[in-house]
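Notes follow once the structure below has been shown.
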Amino acid sequence: MNALVVRAAHKAFGQVKALDGADLAVPGGTLTAVLGPSGCGKTTLLRCVAGFERLDAGEIALGDRPVSGPRAHVPAHRRGVAVVPQDGALFPHLDVAGNVGYGLDAAARRAGRIDEVLELVGLAGYGSRLPHQLSGGQQQRVAVARALAPRPRLVLLDEPFSALDAGLRAEVRADVRAALHADGATAVLVTHDQGEALSMADQVVVMHRGRVRQQGTPLQVYRTPADPWVAAFVGDAVLLTATADGGGARTPLGALDLHQPCTGTTTVLVRPEQIRVLPPGDAAAAVPATVRRHLFHGHDAVLDLTLDDGTPVTARLLDDPREFSPGTRVALTVSGPAHALPAGAE
Amino acid sequence: MPTYVAAFGWVSIVDGFHGFWPTALVLTFCSYPYVYLPAAAALISVDPATEEVSQSLGRGAWRTFTGVTLRQIRPAVVAGGLLVALYVLSDFGAVALLRVNTFTRAVFTSFDLGFDRTGALVQATALVAVTLVILGAELAVRRHDTRYAKVGAGARRPPHILRLGPWRAPALLAMAAVAAGSFAVPAAALVHWTAEGVSRPGSLAEIATAAGNSMGVSALGAALTMLLALPIGLLAARAPGPLAAVLDRLTYLTHALPGLVVGLSLVFFGINVAYPLYQTQWLLALAYATLFLPLAVGAVAAAAAQSPPSLEEAARSLGRGPWTVLRTVTLPLTLPGIGAGAALVFLTCMKELPATLLLRPTGMDTLATELWTHTSVAAYAAASPYAALLVLLSAAPVLVLARRALTPGGRP
């Protein structure tokens, strides 16, 4: 059962088409990440689902109940969709318990729901603090608890971690994900951070220019992106022109297996971590290349290379003590299958 | 402290305190905060790192001060200076009491004593023209100011404090002189005269009547001002756009006009257009609203910023209807600010002199007009209780602001 279905959603602000026929479905009890660059319409999508904006055309349904459509617009407070805004938007005049209990009726408050959700986000005992006494991470946890408290049909998180510093972000992300799962909530997370979407979500929806380009599991979106744009957006991509003959393809990096069979001239995707860098002439099947740049990041290193036919290639090295100066000759092989991308897209 | 109260303080204890230089002294003591406060704020916001960089590049302390520090605070000082020019240009109380013929006093004399309406009109128009020139200069300087915003991110270290050494005593003395001139002299005059003034027969009843009149008409003025300010302030805070910007500028324009000019134009308006309003408190309230609208608009816009739309959206997404959201989120966050704005406008109306003199219904005396009437006939003892009350009123908002600023853990 899908908790949220969006069909052919259109929304324009003046000349700018924020949503241009967006479709998506969110299964109940899952966390779906809507991933896209800034300005792709993902925040507009979220605001339309919450009921803060009206659609120009298309439909939104929560479960089997239409909430936005050609005839109906259910106001935000009757939707049962709780939002966690980017800055938390805690009510500054209420303490933590007052914030978390804001959407609850008296019975639910007496039943201890406030303490329950505060416990879920790891802030048990913070009920009497005021928002300005909390750190940024704690404020976001309270905002999540406040959204979870009335057991909404859907929780919408609008880039809730982007204001936190990097070390804190990973911790708060993990805790929020655990809290959402523990409460059985259905959630949609809007983000422009690929790592956040891939690591947190059960399902990733990639948006670009007001449309959904791909919807799938994080693994599917990363390994088998729908088009070259998605391939390049969700991670580093090596795109190669290839001639496919069913299960395999001839590429500048040699003959590669394909995830899905394909024939004819096409573009194939190889991820940088699939490329092995060997000393020149080490293996018969290896393709010679020249090092252009070696960027050491600590946990890994990235090598920018050029094949002898001029094709640029990027390789990611893990646990590799070798140093490469520009101009070094090496040989490359590819491990694992490549992914053939549909031709014709950008 | 209103200038006419300060002028009363000086003239009542210094014999023959009349003419150009005494007036300049009083107006300087009354208006130096317009330069002092922005200059102090600008000095605090100067990044000490820029001074350190200058010294590390071989500039000594003095050349660093003139080349780096002074340059950074210059826009604030210039803008403050122009603000003082506007303030002095529009001042009526001090120049009238100390008998210096400026535009405002000339306009008032032509109109009130000579019934020379055309002459008053011509002089007032010239005054408005000069005001607009200064206002334009001030806007230009302020636009320029943005160029000096701190470049780059990162927290600033607090400035380091220098030891003055032998200069300590002269510096303290200079500051003490400013404090004495702006506060101690008028205060001494008040203490000297008030006891005598209150003991006159019948004076308490007179004071009570004037205070009642002041409060009544000021309350009316504050209510009308807030009524006009609410839509403009909300528009400016929630839907900033060309319309809101134009409205906002317009309110500042009328605020910069001398109170005497606004009062005079409303006299003409009352006589020629809205005769039923002429000689009523409503016309006076309208003058207050015209003069003090920016104070109220600023308060409303600041209050609305206390409750950003994202809070209301979060509340609605938690299942609360529009009225509940208004009652439980928006109003609790905005009312204190709007109330403070209304109180500020109320107190400012109490102190207003020139428009009140021109527009008050015949026979209605307020604290400000009583002080003015008594002082202009050198009845200092009779004037002093009104001056004391007005000083208390002026001090009230400062005290409230200071206490709020000093309360630890309070919301900004």
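Note on chain A: helix-only mean residue ellipticity at 222 nm, from DSSP H runs of 4+ residues weighted -39500 (n - 2.57) and normalised by residue number, equals -6000 deg cm²/dmol.
Sorted from longest to shortest, the spans of the Cα atoms of the stretch B:1-147 along the three principal axes equal 67, 36, 20 Å.
Relative to the longest principal axis of the Cα atoms of chain A, helix A:136-148 runs at roughly 60 degrees. Semi-axis lengths, largest first, of the ellipsoid equivalent to the stretch A:213-346 are 25, 18, 12 Å, with √(5λ) applied to each eigenvalue of the Cα gyration tensor.
Cβ-Cβ distance of B:Arg71 and A:Glu119, R₀ of 41 Å, FRET efficiency by 1/(1 + (r/R0)^6): the value works out to about 0.15. A dipole drawn for chain A from +1 and -1 charges on Cβ atoms has a positive end, and of A:Leu123, A:Thr328, A:Pro279 the residue lying farthest that way is A:Leu123. Evaluate the Debye formula for chain B with equal point scatterers sitting on the alpha carbons, no solvent, and hand back log10 of I(q)/I(0) at q = 0.10 Å⁻¹, in q order, two decimals. Here log10 of I(q) over I(0) equals -0.82. Once the mean of 1/r is taken over each pair of separate Cα atoms and inverted, the stretch B:255-311 shows a Kirkwood hydrodynamic radius of 13.0 Å. In angstrom, the C-alpha Rg and Dmax of the protein assembly as shown are 35.7, 119. Computed from Cα positions, the angle between helix A:166-182 and the longest principal axis of chain A comes to roughly 60 degrees.
Restricting the calculation to Cα atoms, every distinct pair contributes to the Kirkwood radius of chain A, found to be 22.4 Å. Note that the stretch A:324-334 has calculated 3J(HN,Hα) couplings of 10, 8, x, x, 4, 8, 9, 10, 10, 10, 10 Hz, one per residue in order, obtained from phi through the Karplus relation 6.51 cos²θ - 1.76 cosθ + 1.60 (θ = phi - 60°); glycine and proline are x.
For A:Gly21, the amide hydrogen comes within under 5 Å of the amide hydrogens of A:Ala9, A:His10, A:Lys11, counting only partners 5 or more places away or on other chains and with H modelled in the peptide plane.
Rounded to the nearest 0.05, what FRET efficiency do A:Asp282 and B:Ala41 have when you use their Cβ-Cβ distance and R0 = 60 Å? E between A:Asp282 and B:Ala41, to the nearest 0.05, is 0.30. For chain B, the longest piece that avoids every one of the trypsin sites (Lys or Arg not before Pro) found in DSSP loops with at most 15 other C-beta atoms within 10 Å covers B:164-412.
Hydrophobic, long helices, defined as DSSP H runs whose alpha-carbon span along the helix axis is 27 Å or greater and whose mean Kyte-Doolittle value is at least 0.0, occur in chain B at B:70-90, B:117-145, B:203-238, B:281-305, B:331-351, B:380-406. For chain B, a simple Cβ point-charge model (Lys and Arg +1, Asp and Glu -1, everything else neutral) yields a dipole of about 1360 debye relative to the Cα centre. Dipole of the stretch B:1-147 computed with +1 at Lys/Arg Cβ and -1 at Asp/Glu Cβ about the Cα centre; of B:Leu37, B:Tyr87, B:Thr50, farthest Cα towards the positive end is B:Thr50.
Using the Karplus relation 6.51 cos²θ - 1.76 cosθ + 1.60 with θ = phi - 60°, the per-residue 3J(HN,Hα) values for the stretch A:67-82 come to 10, 9, x, x, 9, 9, 9, 6, x, 3, 6, 9, 8, x, 10, 9 Hz, with x marking Gly and Pro. Over all Cα pairs of the stretch B:196-412, how is the pair count split among 5 Å bins, expressed in % and running from 0 up to the last occupied bin? Pairs per bin, as whole percents: 1, 7, 12, 15, 15, 14, 12, 9, 6, 4, 2, 1, 0, 0. Label 7 Å along Cα→Cβ of A:Val16; the stretch B:287-323 residues with amide nitrogen under 19 Å? The answer is B:309-310, whose backbone nitrogens lie closer than 19 Å to the label point.
The fraction of Cα-Cα pairs per 5 angstrom bin, counted from 0 for the stretch B:13-85, comes to 3, 15, 18, 15, 12, 11, 9, 6, 5, 3, 1, 0 percent, rounded to whole percents. Database remark: amide H of A:Leu154 closer than 5 angstrom to the amide H of A:Ala82 (H placed geometrically; neighbours at sequence offset of 5 or more, or on other chains; Pro and chain starts carry no H). Note that the stretch A:20-36 has calculated 3J(HN,Hα) couplings of 10, x, 7, 10, 6, 9, 10, x, x, x, 10, 10, 10, 9, 9, 10, x Hz, one per residue in order, obtained from phi through the Karplus relation 6.51 cos²θ - 1.76 cosθ + 1.60 (θ = phi - 60°); glycine and proline are x.
Values quoted throughout were computed directly from the atomic coordinates according to the rules given, and no laboratory measurement underlies them. Quantities reported herein were computed from a predicted structural model and do not represent experimental measurements. Cβ: placed from backbone, ideal geometry, glycine included. Neighbour counts: every protein chain shown.
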